[in-house]
Amino acid sequence: TRRDKEGEWVGLKYANYILNDRFGTRKRPYLHHNAKVLSLPILQEIRNIWEDELLATGRSRFRGVDNEVTITFLAAHYTIEKHRESLLYAWFSKADVNRDGLLNAEEKREIRSLLLASGSFKEEEGDILQVFHPSNRVPSISSLEHEEDSLFTSVEGYPFFQPFLHLQAPKDVRRRNALSKIVSRFPFPELVGEDEVVCEVNLRDCFGEDDEQAEDVFKRVVFERNKQCGDCILVALLRGGERKGLDSFLPLPSMEPRGRERIDSSTLQIGMTKSFSESSFPFPPTSSSESTRKFFLHLLARYSYSLFNSPLLFHIIRSPVDLERELARLLPDNSPDSNLPPLPYKMLTLNDDLKNGQNATFIKVEELMAEFFEGMWGEEKIVAKPPWEKEQAVTGE
């Protein structure tokens, strides 16, 4: 295919490339064309890690010409990957029972028994753990204000886990279509039965058998073999044994010091480098007088997120004819005979894809847009002006 130097794909692919270096290689889904909410602390982290790449993006005069990054894609997926990393970092820290920075043979046997509670070993292959679908451990999201549009929350684990088995589509067509565009993942009970195996993990390949630095094992499982080991182990922990939810990852409160120390936000910035191989993950992450549980609760809260199906209409303007047809069905019908239900959109994106042509085409498009804006938000449509609207336009300046 021909490279479109004015398109967005160069920036998207480059953003995914630098994410691969930091979090391990995987495909990451496209974000909808709509308004984005960005966290300032997350943007500051991204600037500290990829300052050169962001400066190069700022110097790029035209999109797609150089290796610039798409900041919204980078920020969204950075947040998701950091939450996954933090979950597994918390669990690995708990697995280092004696807090000496090593995972010894005894601690690795304990890891094996913990994971066995969420699956079963193949009898003919003792190191292969089969992990079952964890729908019985997924927290309820029924308290969310817009539950019908909710796809995923960070307390459910990692949204881009891909089971190796063929999943049946959900009965709800709208949710199925949204999922097919955004994620392939496990949490919805209608996707897979609880007794179905969704992945297998070779514990010997993931953890090894000899004494090793906990940090080395962590990087191998979480980043180098992110899909073969890290994702499947995360699913196993979500299914859990006696403990549920985040408690599967965190130390027990009874094992923690009783201090009320304040968590310095700077201590939460772990692994602020461009490559996971260069990043430092201390084991243990806190001193003996500090609460490791509180530290990780703050860390997980920092990277918490929710994924929603945006009620968005995205229309590409290619000609006045198709634009007029699309806008006509969006204008409210205020006639008393109208029984049309309201359209299920709360956001509208109009993408200008007009090719070079006659001037009359552009004039017609401008007229259609002006008519649409007046019909939606004109003087007669607005009962009370919002506070940011001026009473009248300022002229002569």
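Answer with yes or no whether Ser310 is farther than 16 Å from Leu250 by Cα, open to solvent by less than 50 Å² (accessible area, probe 1.4 Å), out of contact with any Leu (no Cβ under 6 Å at 6 or more places or on another chain) and in contact (Cβ under 8 Å) with a residue 60 or more places away in the chain. So Ser310 fits the description; yes. Counting only strands (runs of 3 or more DSSP E) wholly contained in the stretch 108-163, the ones carrying 1 or more residues that are surrounded by 15 or more Cβ atoms within 10 Å (Cβ to Cβ) and at pLDDT 80 or above occupy 125-132, 150-153.
Looking only at residues in the stretch 286-304 that are open to solvent by 30 Å² or more (accessible area, probe 1.4 Å) and not in a helix (DSSP H, G or I), the one that is nearest to Phe152 (Cα to Cα) is Ser304. If you go through the stretch 313-329 and pick out every residue that is open to solvent by less than 40 Å² (accessible area, probe 1.4 Å) and out of contact with any Ser or Thr (no Cβ under 9 Å at 6 or more places or on another chain), you end up with 5. A search for C-beta distances below 6 Å between a residue of the stretch 106-132 that is under 15 Å from Trp91 (Cα atoms) and any residue that is β-branched (Val, Ile, Thr) and modelled with pLDDT of 85 or more, counting only pairs 6+ apart in sequence or on different chains, returns Glu107/Val97. A Cβ distance below 6 Å, combined with a sequence gap of six or more or placement on separate chains, defines the contacts here; from the stretch 7-33, residues that are more than 21 Å from Glu278 (Cβ to Cβ) reach residues that are open to solvent by less than 30 Å² (accessible area, probe 1.4 Å) and of a type in the set (Asp, Glu) in the pairs Gly11/Glu68.
Scanning the stretch 52-71 for residues that are in a helix (DSSP H, G or I) and open to solvent by 40 Å² or more (accessible area, probe 1.4 Å) turns up Asp52, Leu54, Leu55, Gly58, Arg59, Ile71. In the stretch 203-230, the residues that are over 19 Å from Phe249 (Cα atoms) form Cβ pairs under 7 Å with partners that are open to solvent by 10 Å² or more (accessible area, probe 1.4 Å) and of a type in the set (S, T, N, Q), at six or more places apart or across chains, as follows: Asp211/Asn104. If you go through the stretch 245-262 and pick out every residue that is acidic (Asp, Glu) and modelled with pLDDT of 80 or more, you end up with 1.
Applying the condition of being modelled with pLDDT of 90 or more and open to solvent by less than 10 Å² (accessible area, probe 1.4 Å) to the stretch 218-230 and asking which residue is farthest from Glu278 (Cα to Cα) yields Cys229.
Does the stretch 371-381 contain at least one residue that is farther than 23 Å from Ser319 by Cα and modelled with pLDDT under 60? So far as the stretch 371-381 goes, no, none of its residues is farther than 23 Å from Ser319 by Cα and modelled with pLDDT under 60.
How many residues does the stretch 197-217 hold that are open to solvent by 20 Å² or more (accessible area, probe 1.4 Å) and among the hydrophobic types (A, V, I, L, M, F, W, C)? Count: 1. Take Glu68 and tell me if it is touching a Phe, Trp or Tyr at 6+ places or on another chain (Cβ under 8 Å) and either closer than 18 Å to Ser154 by Cβ or modelled with pLDDT of 95 or more (or both). For Glu68, the condition - touching a Phe, Trp or Tyr at 6+ places or on another chain (Cβ under 8 Å) and either closer than 18 Å to Ser154 by Cβ or modelled with pLDDT of 95 or more (or both) - is not met. In the stretch 23-51, the residue that is nearest to Tyr78 (Cα to Cα) out of those that are basic (Lys, Arg) and open to solvent by less than 70 Å² (accessible area, probe 1.4 Å) is Arg28.
For the stretch 330-370, the candidate set comprises residues that are modelled with pLDDT of 70 or more and charged (D, E, K, R); within that set, the residue that is surrounded by the fewest Cβ atoms within 10 Å (Cβ to Cβ) is Lys355.
Say we look at the stretch 179-217 and pick out the residues that are more than 25 Å from the chain's Cα centre (by Cα) and assigned to a loop (DSSP other than H, G, I, E, B); which of these is modelled with the highest pLDDT? The qualifying residue modelled with the highest pLDDT is Asp211.
The values are calculated or read from the model by the stated rules, or taken from the named source; none is laboratory data. Since the model is a prediction, treat every value here as computed from it, not as a measurement. A quick note on method: Cβ atoms are made from the backbone with ideal geometry, for glycine too, and the neighbour counts reach across all protein chains shown. We work out accessible area using only protein heavy atoms, side chains counted, and drop any ligands, DNA or RNA first. Shrake-Rupley method; radii C 1.70, N 1.55, O 1.52, S 1.80 Å.
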